[in-house]
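Notes to accompany the following structure.
The values are calculated or read from the model by the stated rules, or taken from the named source; none is laboratory data. Quick caveat: nothing in here was measured; it's all calculated off a predicted structure. Every residue, glycine among them, receives a Cβ derived from its backbone with ideal geometry; neighbour counts consider all protein chains shown. Heavy atoms of the whole protein, side chains included, go into the accessibility calculation; ligands, DNA and RNA do not. Shrake-Rupley method; radii C 1.70, N 1.55, O 1.52, S 1.80 Å.
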Amino acid sequence: MTTFVDRVELHVAAGNGGHGCASVFREKFKPLGGPDGGNGGRGGDVILVVDQDVTTLLDYHHHPHRKATNGAPGAGDHRSGKNGQDLVLPVPDGTVILDKKGNVLADLVGQGTTFVAGQGGRGGLGNAALASARRKAPGFALLGEPGEERDIVLELKTVADVALVGYPSAGKSSLISVLSAAKPKIADYPFTTLVPNLGVVTAGSTVYTIADVPGLIPGASQGKGLGLEFLRHVERCEVLVHVLDTATLESDRDPLSDLDIIEEELAQYGGLENRPRVVVLNKIDIPDGKDLADMIRPDLEARGYRVFEVSAVAHMGLKELSYALAETVAQARAARPAQEATRVVIRPQAVNDTGFTVTPEGENLFRVRGDKPERWVRQTDFNNDEAVGYLADRLNRLGVEDELLKAGARAGDGVAIGPEDNAVVFDWEPTMMAGAEMLGRRGEDHRLEAPRPATQRRRDRQAERDEAEEAYDGFNPLG
């Protein structure tokens, strides 16, 4: 059963925002006390966060669909809905997030590094929040926005200081097992190691991590064998260690040709040209292995490599190798540029930036794209004429009608707001009222202006008395 997964496709869905509430306050002797609808709650975000205790993406391989909770709708008496709970997903250190097209969205390195994979939807405003001097009692509320949904790809790139590379069965797993406390699977057949193994090595005052990358073969950079599945784990390593088998049983192989082939694969993969290299001649405990190591060592040193002869089984030459790697790692760390604190960049919106575009499509269709118009459309309840009229007012104030006129739109032309696959299309009429004119001025409730029944009865009785008094004053009993 697979226990290590370093690449998964994850489907994330943030929570939807709760709908706003349209409510009117009522109590005894005060049946229409004004709007008191509360706002909807915000939908929960989907957040990826680096956790050092997580080393694999196996959990997301088995459960690739993740969704945050929705925000609760608002209620009367100015009660706002509860916000949705954020969904926090722990990922290993060194996880790269990509979209479906392969574009890098984030590179998560370092404990606690976060990335919002899905933004929760905003909660809709209740009619209490929409009330104003001109709109005293809105008979509508805004809908909550849907949460962001998207498919992302998670790729794990091992974060280590030293990477052991080489042919299958070169002794990399044995070497990491004696240099550190790691306990990888070790056997005498090729491709024993199917997953990268990490170990921590202490050499003097230097502590570094070492990774055993599964065996590479010719064509690995094009995906042959384990290929690209594990070449990515070499990218973050500061030092590359070529582990060469000096006692190979294959007659068509020798350590020098193995080194050349692996270097060619690394060069084709790219980005590793400036990494320090160290060559380890393994299995010198075998007589033939020791003789071959003595023969090829001058050639390797002539190429500029630091060469170490070791035996993982007999524990020969390990101390010298460990301290040499610690020295190389320390030099690489010192040469690394100092990390600068993350700078917060604020990009204010331009004064003349309307935030939307109007594009003609065909003869009688115009498409409006922009964050504000599309968000307002998502928040509108099209079953409520007053809400549609409010949307028309907002679009008009934003300048959409003016831009439509400049683009050549005429009354009756189609206007689509939003992307092609999810747009709201309507027939455009300049300064359209969308039926809200039947309600009087938008947002006004004439019931609040009407006198109460008891007051009206008192006024009627007073009017009758006044009429009676006027009639009596004009009556002359003497004729």
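Phi angles across the stretch 80-90 convert, under the Karplus curve 6.51 cos²θ - 1.76 cosθ + 1.60 with θ = phi - 60°, into 3J(HN,Hα) values of 7, x, 6, 5, x, 7, 5, 9, 9, 10, x Hz, Gly and Pro given as x.
A cut-off of 5 Å between modelled amide H atoms, ignoring neighbours fewer than 5 places along the same chain, links LEU89 with ILE47, LEU48, VAL49.
Students often forget the sequence filter, so: which lysines lie under 28 Å Cα-Cα from LYS172 once same-chain residues fewer than 8 apart are removed? Leaving aside lysines fewer than 8 places away in the same chain, those within reach of LYS172 are LYS157, LYS183, LYS185, LYS224, LYS283, LYS290, LYS319.
Our coupling estimate for the stretch 46-54, obtained by passing each phi through the Karplus curve with A = 6.51, B = -1.76, C = 1.60 and θ = phi - 60°, is 9, 10, 9, 9, 6, 10, 5, 7, 9 Hz, Gly and Pro reported as x. Stretching the chain fully between ARG150 and MET295 yields a gain of 46.5 nm (0.36 nm per residue, less the alpha carbon separation).
Spin-label pair LYS406-LEU105: with each label point 7 Å from Cα along the Cα-Cβ axis, the two points sit 3.4 nm from one another. Taking amide H as placed 1.01 Å from N in the peptide plane, the amide H of GLY144 sits under 5 Å from that of HIS19, GLY20, GLY124, each at least 5 places away or on another chain. Taking 0.36 nm per residue of sequence separation and removing the Cα-Cα distance, the ARG459/GLU27 pair yields an extension gain of 153.2 nm. The calculated pair-distance distribution of the stretch 11-134 uses every alpha carbon pair, bins of 5 angstrom beginning at 0, and gives 3, 11, 14, 16, 13, 10, 8, 7, 7, 5, 3, 2, 1, 0 percent. Electrostatic tally near PRO92: other residues with Cβ closer than 14 Å to its Cβ, Lys and Arg +1, Asp and Glu -1, net -3. With both labels modelled 7 Å from their Cα along Cα-to-Cβ, the ALA267 to ARG134 distance reads 7.2 nm. In the stretch 47-136, the DSSP beta bridges split such that about 65 percent are antiparallel, to the nearest 5.
Amide H to amide H distances under 5 Å link LEU10 with ILE152, VAL153, LEU154, where only residues 5 or more positions off or on other chains count and H is placed in the peptide plane.
Placing one identical point scatterer on every Cα of the stretch 88-152 and ignoring solvent, what is log10 I(q)/I(0) from the Debye formula at q = 0.19, 0.26, 0.28 Å⁻¹? At q = 0.19, 0.26, 0.28 Å⁻¹ the computed log10 ratios are -0.79, -1.12, -1.18. Placing pseudo-labels 7 Å out from each Cα toward the beta carbon at HIS11 and ASN383 gives an inter-label distance of 2.8 nm. With R₀ set to 45 Å, the beta-carbon distance separating ASP285 from VAL207 gives a calculated FRET efficiency near 0.95.
Starting from 0.36 nm per residue, how many nanometres of slack lie between ASP51 and ARG375 once their C-alpha separation is accounted for? Can you show the working numbers first?
Working: separation 324, 0.36 × 324 = 116.64 nm, distance 3.46 nm.
Extra length available between ASP51 and ARG375 comes to 113.2 nm.
Rounded to whole numbers, the Karplus 3J(HN,Hα) couplings from phi for the stretch 395-409 are 5, 5, 5, 5, x, 5, 5, 4, 5, 5, 5, 5, 7, x, 6 Hz, using 6.51 cos²θ - 1.76 cosθ + 1.60 with θ = phi - 60°, and x at Gly and Pro.
Quick one: pull the percent of accessible area on the stretch 1-153 belonging to carbon and sulfur, 1.4 Å probe, ligands and nucleic acids left out.
Values: 3850 of 7630 Å².
The C+S portion of the solvent-accessible surface of the stretch 1-153 is 51 percent.
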